[in-house]
Structures are given as C-alpha cells and as structure tokens.
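> Would you mind keeping the following structure in view while I ask a few things?
The values are calculated or read from the model by the stated rules, or taken from the named source; none is laboratory data. Keep in mind that this is a model prediction, so the values were computed, not measured. Cβ placement follows ideal geometry from the backbone for every residue including glycine, while neighbour counts extend to all protein chains displayed.
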Amino acid sequence: MKRRFVSLLVFASAWFSLSPAWAEGARVTAAAYMADPKFATYEKVAQARTEELLGDSNYVVLDEAKAKQLKKGWVDLADPGHVITAEEFIKRAGKYDIEKVVRVGVSVSVKPVLGLFYSATATAEIRIVDKSAKVQAFTLDGMGTRGIPPSDGLTEGAAISNAIQRAVDGAAQRAGLTVLSPALPKAVPLVLEPAASAPADAEMASAAGDVSAEPAWAAAAKFAKETWRGEDKACLAVSPDGQVGAVGGYTWAVNRLGGMTRAYGGRVHLIDTQQAQEFNVHTIHAVGARESGEDSSSAPLACGFVGNWRYLVVATGNVLSCYDVERGAETCRLPLKGGIAKGQLSVGRLGSNAYVALQSDKGKAYYRIVVQAPAAGK
C-alpha cells in the first residue's frame, strides 16, 4: 500500500488538523526537547506523554533504553532548525528498525502570582520525520488566552507539568494521534476570608487596573435596553495582562402589573478586549426582591482582577463575590453587613499573604486571599 506524505507548516495563528499518513503498528520513537535548558528536567514529562499517546494510537514505540541511546547519538536532532536527510535518518536510526521519529519541542513560561500559586503556559511542536526525510509539523500555541487558560498550580512543578502535557496533547490531536484522556487545565480556586486585623504596610494597588479613560472595548457590553427593562453602567476594570475587561451593570425592570414598581439587580459583563466582544456575564444579583439581610444597592459598585484575567472580584452594596472567569463559576460570596453605598477594590501582598481591600463609605476592610480546600473525597 502506497503511503502519501504531506509537508505542512502550522503557524501559531492556524487552528486546523491534518492526519499524517502513517499506518497503525508502525515502529516509531519519540525524542522530546525543552527550548530553555533551565527546564531540561521536564523533558521526561513531554517524552512520557508523547510515548503514551503514540501507544494509545496503536504504534509500536521504541523502548526507553534504546530511545535514550538514539537521542544521545543523534545530537543534531536537538536543533529544531536542523534539516534531516534520508541518508542521516538511515545512519542514525536505521539500526533501531524504526519507520518514523517523532520530535517534540516544548517552550515553557512560568511566573508566581501574588506569592500564592504559579501560572504556566507552554507551546509544543511535533515534527514527524520518516525514512525518506519527509516532515510534517503540528503546533499548539496560544495557551494563556481565554479558552486556553494557563495551568495554575500550588508549586512551580505542578503548573509546568500540566502545561506541558496540555501542549503536547493539543499538538498530538492536530497530528491525528489518539488522545484518550486530554490533560485539563489545572486551576487554583481562590476565595476570600475576612482578615482579623488590617495588615500593616501591605503594598496595595487598584484591582481595576488602568481604566482612568474609558476604553473602546467597554462599548461591547450588551446592556439591557428595553422599554420596561434597562441597565446602567456601574464599575469598570481590566485584567493585569489587558486580555479581559469587566463592565458592571445595574439592572432594573418595571413591574407593570404591580403598581409600576421597580426591581433591581447587578451583573458584570466580561469582554474580550482584543476582539471587543462580550463572552460571559456574571450575575451577582438577579433582578427581583433582595435577599434577607440585603439592605443596600444591588449595583456592582467596584470590580477588579486578582493576579490575572481568570480571577474576578466584585463588590455590590450587599456582597463581595469571587468569580472564576474561565469556568464561569462563583467561588466565594461574602455578605457586607449593613451594606455600603460606594466602594473601591485594591489587591496586594504582605509577606507570605495576599489581600483584597475594600474601601467604602463604612471604612476599609481587608480580606485574605486563600486557596479553597478541596471537597471531602476529592
């Protein structure tokens, strides 16, 4: 049976897949490399994941000892720009009786966030080289953006390992490999708890970011505009990396059958700032009667981001709400006893702790940012 080969270059902006023309049962080997030598210890993560995916795709993978031997003897394979010839393939891989070499190149970026956790992103390129030196290349890029969130972890290693596995999975899927259980992005669920006392000398910065001049993307918020329903703009914020914007709306509706009375609510529109498109709405108070103990405004008086675009915090006149933007889930909800009429949010750290501060007409209150404990049995 004739094999058909396709030469393909996948750019970072391209999002499509093409299955490589290779037969199941083919003998292959994987060779993983990290672009930055300081992350060399994580090559084994990429190597193991690639070998697992090849096995799941019914290919015969060269055993570990021989794979290491081939990699050690084929020095030029580490160079992503090296052009492999058919003669070189036979010389370096011929004795191992393999049909293809699957080279995996991985780039990683990681940073600490507020001293609480680490956030990592990764890019993976899979190059499939056969005996005739035909090459196919498949890339996963763009991690860290909405829809492809970063990998967050309590340790640097946990964040990096998860990012690498996800990047390899994404590139492998584009290469037509079987990915039975794709690695999911790890998240660190953040919640707030009232601080017993104000942290001394904490360095606080506005959680809203630089929104002194209203940005053009704010107009993308889809406010309610009907005869008997409406919405007034309240808070405004942008994430530290500028990817996501938040526009608060004070919603209202007229009860035409109940004496033309008004009911109120509050929500935050989440905007992709690059595309100027709304992609989600966090409703803190649905339009209607207030809950017991809610004596103040339902309007989102202040909003801001904690650490990166994924973690939103909102203060209405009645509650302080935490929201995971990627998952679309509220992670904490704290009542503001007695209510407030205005507010500003700031975020910062002191020593090993990080805080959110709410400055309101009732004074300044501090909340410690903590990692939510997993539910029992998980």
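> Would segment 322-338 turn up any residue that is in contact with a Leu (Cβ under 6 Å, 6 or more places away or on another chain), among the charged types (D, E, K, R), part of a strand (DSSP E or B) and modelled with pLDDT under 95?
No; the residues of segment 322-338 include none that is in contact with a Leu (Cβ under 6 Å, 6 or more places away or on another chain), among the charged types (D, E, K, R), part of a strand (DSSP E or B) and modelled with pLDDT under 95.
> Then there is this: Which residues, taken from segment 152-164, are β-branched (Val, Ile, Thr) and either part of a loop (DSSP other than H, G, I, E, B) or not assigned by TED's automatic domain parsing to the domain that holds ALA120 (or both)?
Within segment 152-164, THR155 is the sole residue that qualifies.
> Within segment 202-256, take every residue that is hydrophobic (A, V, I, L, M, F, W, C) and out of contact with any strand residue (DSSP E or B) (no Cβ under 8 Å at 6 or more places or on another chain) and give me the one that is surrounded by the most Cβ atoms within 10 Å (Cβ to Cβ).
ALA219
> With the requirement that a residue be out of contact with any Leu (no Cβ under 8 Å at 6 or more places or on another chain) and either outside the structural domain of VAL129 (by TED's automatic domain parsing) or within 16 Å of ALA26 (Cβ to Cβ) (or both), what does segment 67-100 give you?
The answer is ALA67, PHE89, GLY94, ASP97, GLU99, LYS100.
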